[in-house]
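Here's the structure we're looking at; comments come further down.
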Amino acid sequence: MAKQWTKEEKIKILSELSSSNASTIAKKYNISRDSILRWNRQVKKIGYDSLVWGLGEASKNYGEDIKSNSEITMWRQMTKLQLIEELQKSKHLDLLSKSLSKKEKWEKNN
C-alpha cells in the first residue's frame, strides 16, 4: 500500500518546487512526479485544505466537499465575532456552535 502523506508533509514537499523540479523531488521522496504535480494543481485551485488525505483529486469523494472546505478556509480567516455575524446573517445558526468549536481547535493547533 502506498504511503499516505499528511497535509504537512505535502506542503513541505511542495515548498521544494521553488528550488527544484518535480522529477527531482519525486525521486528524493520516492513518490510519483504526477502526485506532486496533482497536489500543486489542487493547492492552486482550491487551497491547502485540498491536501488533507481523502479530499484530493485522487479521492473517490473528490468534489463533494470542495465547497464546504472553501467555506471552512474562509471561516478560519474570520475572527469569532465575524464568524458569528456571518452565520447569523445566513441563518446557519445550527452550524454556529460546531463551527466555533472547530475554529478554536484549529487555532490551538496552528
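For segment 4-46, the list of chymotrypsin sites (Phe, Trp or Tyr not before Pro) that fall in a loop by DSSP and count at most 14 other C-beta atoms within 10 angstrom is empty.
Please report, in whole Å³, the volume per residue of the convex hull around the C-alpha atoms of segment 1-47.
Taking only Cα atoms, segment 1-47 has a hull volume of 74 Å³ per residue.
Just so you know, all these numbers are worked out from the coordinates, no wet-lab data involved. As the structure is a prediction and not an experimental result, all values here were calculated from the model. Counting neighbours? That spans all protein chains shown, and the Cβs are built from the backbone with ideal geometry, glycine included.
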